[in-house]
Amino acid sequence: MATINDNYLKLKAGYLFPEIARRVNAFAAEHPDAKIIRLGIGDVTEPLPAACRTAMIQAVEEMGDRDKFRGYGPEQGYEWLREAIAKHDFQARGCDVDASEIFISDGSKCDCGNILDIFGSNNTIAVTDPVYPVYVDTNVMAGHTGEANDRGEYGGLVYLPISADNHFTAEIPPQKVDLIYLCFPNNPTGAVATKEHLQAWVNYARANGSIIFFDAAYEAFITDPAIPHSIYEIDGARECAIEFRSFSKNAGFTGTRCALTVVPKTLKGKAADGSDVELWKLWNRRQSTKFNGVSYIVQRGAEAVYSPAGQAQTKELVAFYMENARIIREQLTAAGIQVYGGVNAPYVWVKTPNGLSSWDFFDKLLHACNVVGTPGSGFGAAGEGYFRISAFNSRENVNEAMQRIAEKFKA
Ligand SMILES: *Cc1c(COP(=O)(O)O)cnc(C)c1O
């Protein structure tokens, strides 16, 4: 019989969201009239910007015209999209990123996982705790870890705890690690990193020959002008960092699918024979072999994000969610609850009141207010005692949920 990849058996089978669903369904079955408001999922709710829809409709029409029809596109993505990204997202911020260093894909989630294809199996890997679970699970699947302990920590991974004590930004580890995942603005904590903090990471990575995987999926939500949007705003980052970006959150593309990864041509990794190899070449080879590009229609939709109308509409979309975040922060604070994040990110990270565990607070919020959030412990052991509330929802739902919480929690 065919054997399997046994590493999959080590996975703590996606227990967070199924467990949330189980508890919500049980509650709904007992209380069929309860109007449950879900502030738990990291998915957008508002419709696609008009500029993107118009561009995609036009692209569909082109596909119906024999002279304008397009088949396979370049695996790396169309040059007009990569040029627009290089100009608006990077060069306009003083980042030295060329269009040839940008790879268009159908999602940052897959890129974060797929990138491991081009790295060896004996790297020491660091993640923050709490963390976006994709970074951990893809390393488990690739056989880079041992078994999980009862706190859900996998053997072989270096966990960097983040909490209020270190402003939810991981401290530079004393030991040498080869691959480091950093996500700013952060999911789940909503924290951001200063230029100085990122500079310390870049200096560490260069001193140790490490590679930083920088996930900037939420950069559009930064409101503080002093906070860097890209790791390439930091001196030396071209020598040590790969950046992941996505149209999912800034332009509502979670269901449309388009993202990008930047692999600078100056990045190197070590081969078994001790020679230095350009990572760009390996990633280009990997994508050309295993990926056939993003749909022409979707790439035209993504390009429209950079048109004047697209810029205005995505700005408005982000501002809408950030107003939700402001309402959540203010209402929870007024109810005597300690909150973090939600200023430069669409997530509010809540300290559970009265020392409740993350799951106890989940149950309390569900039963008393019929509001669903995400227990912080689901993102890692150090997330215990915290709770994530997402600003991705309608204004009506956010106001209603916050009103219910204010009523129940106000002293
Ligand atoms: C939503 C999100 C992404 C984007 O994923 P896509 O696959 O592009 O939709 C990437 N990283 C984090 C941390 C996210 O929350």
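The values are calculated or read from the model by the stated rules, or taken from the named source; none is laboratory data. Given the structure is predicted, the values throughout are model-derived calculations rather than measurements. Ideal geometry is used to build each Cβ from the backbone, glycine not excepted, and the neighbour counts take in all protein chains shown. The accessibility values were calculated without ligands, DNA or RNA, using every heavy atom of the protein model including side chains. Shrake-Rupley method; radii C 1.70, N 1.55, O 1.52, S 1.80 Å.
Overview of results
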| quantity | calculated |
| --- | --- |
| Under Karplus coefficients 6.51, -1.76 and 1.60, residue-wise ³J(HN,Hα) of segment 169-183 in Hz, glycine/proline x | 10, 4, 6, 5, x, x, 8, 8, 10, 9, 10, 10, 9, 10, 10 |
| Between segment 341-407 and segment 284-307, the Cα center-to-center distance that results, in Å | 36 Å |
| Evaluated over segment 119-230, the Cα radius of gyration and Dmax, each in Å | 13.9, 42 |
| Computed [θ] at 222 nm, helices only, for the chain once each DSSP H run of length n ≥ 4 contributes -39500 (n - 2.57) | -10500 deg cm²/dmol |
| Evaluated at q = 0.08, 0.09 Å⁻¹: base-10 log I(q)/I(0), Debye formula over Cα of the chain | -0.45, -0.57 |
| Counted charge near F392, where neighbours are those whose Cβ lies closer than 13 Å (Asp, Glu -1; Lys, Arg +1) | +1 |
| Rounded percent of accessible protein surface that carbon and sulfur make up, the chain, 1.4 Å probe | 50 percent |
| Solvent-accessible area per residue for segment 232-391 (1.4 angstrom probe, square angstrom) | 36 Å² |
| Listed peptides 395-401, 236-242, 196-202 by packing density, highest first (mean Cβ within 10 Å) | 236-242, 196-202, 395-401 |
| Counting DSSP beta bridges with both ends in segment 145-275, the antiparallel % (nearest 5) | 35 percent |
| Listed residues A29, L179, N122: farthest to the positive end of the dipole of the chain (Cβ charges) | A29 |
| Cross-link pairs beyond the 21 Å C-alpha cut-off, checked among K12/K249; K68/K281; K195/K249; K249/K290; K109/K249 | K12/K249; K68/K281; K195/K249; K249/K290 |
| Size of electric dipole in the chain: Cβ of Lys, Arg +1 and of Asp, Glu -1, about Cα centre, debye, nearest 20 | 380 debye |
| Positive dipole terminus of the chain, leading residue within S390, A335, Y204 (C-beta point charges) | A335 |
| Relative packing of 226-235, 171-180, 210-219, 279-288, which averages over residues the other C-beta atoms within 10 Å, highest first | 210-219, 226-235, 279-288, 171-180 |
| Local net charge near K68, Cβ-Cβ under 13 Å (Lys/Arg +1, Asp/Glu -1) | -1 |
| For segment 228-254 versus segment 1-34, the gap between their alpha-carbon centres in whole angstrom | 32 Å |
| Contact order relative to length of segment 52-306, as percent, for alpha carbon pairs under 8 angstrom and 6 or more apart | 27 percent |
| Positive-pole candidate from A325, T261, A271, dipole of the chain, charges at beta carbon | A325 |
| Accessible surface ranking that places the most exposed of Y132, Y8, Y306 first, with a 1.4 angstrom probe | Y8, Y132, Y306 |
| Partner lysines for K35 [C-alpha distance under 19 Å; skip if fewer than 8 residues away on the same chain] | K364, K408 |
| Extension gain (nm, one decimal) between E407 and A34, 0.36 nm per residue minus Cα-Cα | 132.6 nm |
| Gyration tensor over alpha-carbon atoms, segment 55-199, equivalent ellipsoid semi-axes in Å | 36, 20, 14 |
| Cα convex hull of segment 277-411 - mean projected area over all directions, nm² | 12.3 nm² |
| Using a Förster distance of 35 Å, the FRET efficiency for Y8-E239 (Cβ separation, nearest 0.05) | 0.50 |
| Charge context of V24, other residues only, Cβ under 13 angstrom, K/R +1, D/E -1 | +1 |
| Listed peptides 378-389, 44-55, 148-159 by packing density, highest first (mean Cβ within 10 Å) | 378-389, 44-55, 148-159 |
